[in-house]
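The values are calculated or read from the model by the stated rules, or taken from the named source; none is laboratory data. All values reported here derive from a predicted model rather than from experimental measurement. A quick note on method: Cβ atoms are made from the backbone with ideal geometry, for glycine too, and the neighbour counts reach across all protein chains shown. These area figures cover heavy atoms from the full protein model, side chains too; ligands, DNA and RNA do not enter into them. Shrake-Rupley method; radii C 1.70, N 1.55, O 1.52, S 1.80 Å.
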Amino acid sequence: MKKLSILLLAFVALTGFNSCTSDDDVVFIAQPDPEGIAFINTFSSQYILTTATAENTVERFVWNEIDLEVPTNINYDVLASTSAEMADPVLLGSTAGTNLAVKVKQLMSLAEDAGIDNDPATEAPNTGTLYVQVVATAGTGGEMVHASEVQALNILIPETAGEEEEVFLNFFLVGDATAAGWNPDNNNTPLFRDGENEDLFHFTGRFDGSGDKEGFKLLEILGQWQPQWGLDNGTLSNSTILGGDPSAFPVDADGYYTLTVNVDDMTYSFETYDESSAATYGSIGLIGPAQAGGWDADTDMTQQEFDPHIWFINDIELGDGEFKFRADDDWADNWGAASDALSGKANYGAGDNMVAQAGVYDIWFNDITGRYILIPQGEE
């Protein structure tokens with residue numbers, strides 16, 4: 001009886017071993033997607049590249065997701081080349097998603113290889129064509145399974161003999177949960193661009209989510225509905241990626257929230273904020289030699305009716321020089337930072353001063369967070 005039990009146990013173990021061996025030997029064969037892969041974003045007729053906008057996104061390439069009918073990892077590489085045959089391609093980026101943001105500086109580097117420059121003293125042209133392609137690879141070995149058609153990009157590098165003005169991305173709030181309502185040109189409140197990371201934006205303030213309010217979206221250009229940013233099934237997206245309008249960010253109730261947006265990794269957060277301990281000031285102004293009153297008199301800002309912690313002044317002319325913010329025409333409450341950036345965070349009670357360059361600006365300030373932004377308006 002004991003021998004029979006031992007034989008039975010051995011048979012069961014052997015059967016289990018064979019079953020595991022059979023499972024490990026299963027081979028999945030990837031089947032090409034009959035739809036293939038293709039870019040689905042709208043391409044511009046011409047892409048203008050400047051050193052001033054080097055860190056800006058020049059295009060967000062978007063393509064369709066492929067289905068190989070097997071459980072395998074799929075990766076997408078966006079390649080660029082100076083030739084239509086995609087000779088010696090350069091990798092612009094790699095992702096498991098279906099879109100990739102490419103910065104101006106990446107195409108400028110390739111344009112240099114193509115012999116395109118903006119120096120009027122050289123014989124090199126300042127226009128030309130670059131080529132891009134998206135390639136799908138599968139599995140750990142990275143075997144190519146699909147490649148899109150090659151897309152031509154017409155490039156212009158404006159000739160210039162002087163220093164270029166740096167241009168930054170801006171975001172403005174629009175929607176029935178915001179001060180501007182659904183009007184895209186109503187002195188819309190901007191988000192505050194981070195002083196050290198121009199892809200990161202902050203805003204802490206009131207959003208009205210009462211009743212049946214739809215919420216809010218973000219606009220890049222005042223007075224224009226496109227490009228607009230919002231949500232696609234709960235994920236940060238924009239009209240360029242979607243080929244249509246995104247849905248609004250919902251707001252559960254009237255109250256204060258902190259919104260952060262990162263356009264580099266396409267993420268956002270929106271969380272409630274307790275402002276009950278925040279001071280409310282009668283006035284806030286700019287002071288310092290960058291504005292007309294020097295260190296003797298403030299130039300007062302306007303307090304927003306929708307949110308008393310948001311302050312703004314439009315079309316103010318500044319000179320080269322220092323400035324900071326202070327409340328109630330007194331030094332008891334003031335904010336400053338050692339920075340010459342157009343946006344950043346001024347620290348309460350700090351002895352440091354911001355430094356402005358001469359120009360005309362819209363200036364916004366948040367007395368809860370100390371964040372500020374100067375938006376150039378050009379010469380009057």
5 angstrom amide H check on Asp185, placed H, neighbours 5+ away: Gly223
Where in the range 161-268 are there GluC sites (Glu not before Pro) that are in a DSSP coil and have at most 11 other Cβ atoms within 10 angstrom of their Cβ? Glu163, Glu196
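For a quick check of your reading of the filter: which GluC sites (Glu not before Pro) in the range 283-355 sit in a DSSP loop and have no more than 14 other Cβ atoms within 10 Å?
Those that pass, being in a loop and sparsely packed, are Glu305.
For the range 248-380, with all protein chains present and a 1.4 Å probe, just round the carbon and sulfur fraction of the accessible area to a whole percent.
42
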Which distance in nm do the two modelled labels at Asn197 and Tyr273 give, with both placed 7 Å along the Cα-to-Cβ direction? 1.7
Given a 1.4 Å probe, the accessible area of the range 216-301 per residue, as a whole number of Å², is 47
Can you find, among Val90, Ala356, Ala279, the residue sitting farthest towards the positive end of the charge dipole of the chain, where Lys and Arg contribute +1 and Asp and Glu -1 at Cβ? Val90
Across the range 105-240, how large is the tail of the calculated P(r) beyond 20 Å, expressed as a percent of all Cα pairs? 67
Can you tell me the orientation of helix 2-24 relative to the chain, as the angle in degrees between its alpha-carbon axis and the longest Cα principal axis, to the nearest 10? 50
Where nothing but the Cβ of Lys and Arg (+1) and of Asp and Glu (-1) is charged, how large is the charge dipole of the range 240-380 around its Cα centre, in debye to the nearest 20? 320
Folded to 0 to 90 degrees: helix 104-113 orientation relative to the chain principal axis, Cα: 70
Would you work out the relative contact order for the range 140-270, in percent, from Cα pairs under 8 angstrom that are 6 or more residues apart? 22
In vacuo Debye sum over C-alpha of the range 222-297, base-10 log of normalised intensity I(q)/I(0) at q = 0.21, 0.23, 0.27, 0.28 Å⁻¹, listed in q order, is -0.95, -1.04, -1.26, -1.31
With eigenvalues of the C-alpha gyration tensor scaled by 5 and rooted, the range 45-189, Å: 31, 28, 11
I'd like to check one number: the per residue accessible area of the range 341-380, probe 1.4 Å, reported in Å² as a whole number. 40
Can you give me the convex hull volume of the Cα atoms of the chain, divided per residue and expressed in Å³? 237
Report the residue, chosen from Gly243, Gly205, Gly282, that carries the largest GNM mean-square fluctuation when the chain is represented by alpha-carbon nodes joined by springs under 10 Å. Gly282
For Asn41, list long-range residues whose amide hydrogen, built 1.01 Å from N in the peptide plane, is under 5 Å from its own amide hydrogen. Val62
In the range 151-221, taking the dipole from +1 charges on Lys and Arg beta carbons and -1 charges on Asp and Glu beta carbons about the Cα centre, the listed residue (Gly215, Gln151, Phe172) farthest towards the positive end is Gly215
